Amino acid sequence: MTTSSIRPKKKFGQNFLRDQNVIRSILALVKPCQEDNVLEIGPGTGVLTKGLIQSGAVINAVEIDSNLCRLLSEKFQNNTNFILHQCDILQFDLKELKKASKPWKVVGNLPYNIATKILIDLLSHPSLFTKMVVMTQLEVAEKIVAAPHTSNYGRLSIALQRKARVNIKLKLGKECFFPEPKVNSAVLEIRPKEKKIRNDFEIKFSDLTRSAFNNRRKAISNSLKDFFSSDELLSLGLNPKDRAQNLSIETYEKLTNFLMLRERKEFGR
């Protein structure tokens, strides 16, 4: 099987990277070396995989497309540091990676329709990874890195920035891919923070931010009225007339902690 015989499949959101300068730039960001474990998401035709393998790192590639898996198996059959998993990355058991003695790096051209879900799943295991270099739709990348007081700042910004330091490293035009997508793209560098994950806190935090940003045009005294009175907001140092996009991540964490403390007092826990 040859690369030229592969036809991109729309159902898998396939747009294959073909710009050699971009490929070199991404590899320079990943900095793979012999001591690394690398999880490659959606290797496609293997244009990044080749450079990753040549570094001597152990590469675990996850690809859903059976035709691409045959191509990759043939292309890299003699490379003992290449392991291919034919499955949907959303079904891949990330806990399996914990069996390795060293943390992982992640690289991938993420299917744009599920990119945010993939990133949120990866960051639910922050201690597993030292660095992620991933490609997403530019619009999504700009929302991920957005700061408070901007129109792009929202639940996605908060969800990822709480658990990682995120930066846009490259912006790519449509011509870098085959077939050309309808949107521009960006390469994100994501470095997970050492953060303890508490499920009860995460659930409460998610409920709070969902309510705030579902009504982002309203004052928080209105959008968060199911959680706080105006007096409580004032006691926490907030302006009840503020809107969701004006509150920092630390403020949302402070609000969540207040809610959990209040519940423990109410229920005597």
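Candidates in region 94-122 are the residues that are buried (at least 17 other Cβ atoms within 10 Å of the Cβ), in contact with a strand residue (DSSP E or B) (Cβ under 8 Å, 6 or more places away or on another chain) and not in a helix (DSSP H, G or I); of these, the one that is modelled with the lowest pLDDT is Tyr112. Among the residues of this structure, Ile203 does not count as one that is under 30 Å from Asn109 (Cα atoms), of a type in the set (Val, Ile, Thr), surrounded by fewer than 19 Cβ atoms within 10 Å (Cβ to Cβ) and assigned by TED's automatic domain parsing to the domain that holds Phe129. Residues that are buried (at least 17 other Cβ atoms within 10 Å of the Cβ) and either within 15 Å of Tyr153 (Cβ to Cβ) or in the same structural domain as Ala164 (by TED's automatic domain parsing) (or both) within region 250-269 comprise just one, Tyr252. Among residues belonging to region 147-198 that are part of a helix (DSSP H, G or I) and over 19 Å from the mean Cα position of the chain (by Cα), point out the one that is surrounded by the fewest Cβ atoms within 10 Å (Cβ to Cβ). Step by step, filter region 147-198, then rank; the result is Glu175.
Take the conditions outside any helix (DSSP H, G or I) and either assigned by TED's automatic domain parsing to the domain that holds Gln91 or at pLDDT below 95 (or both) and apply them to Cys69. Does it pass? Judged against the criteria, Cys69 is not a match. List the number of the failed condition for Lys218; all other conditions in (1) more than 17 Å from Ser124 (Cβ to Cβ); (2) surrounded by fewer than 14 Cβ atoms within 10 Å (Cβ to Cβ) hold. Single failed check for Lys218: (2).
The values are calculated or read from the model by the stated rules, or taken from the named source; none is laboratory data. The shown structure was predicted, so the numbers you read here are calculated from the model rather than taken from an experiment. Cβ atoms come from the backbone with ideal geometry, glycine included; neighbour counts cover every protein chain shown.
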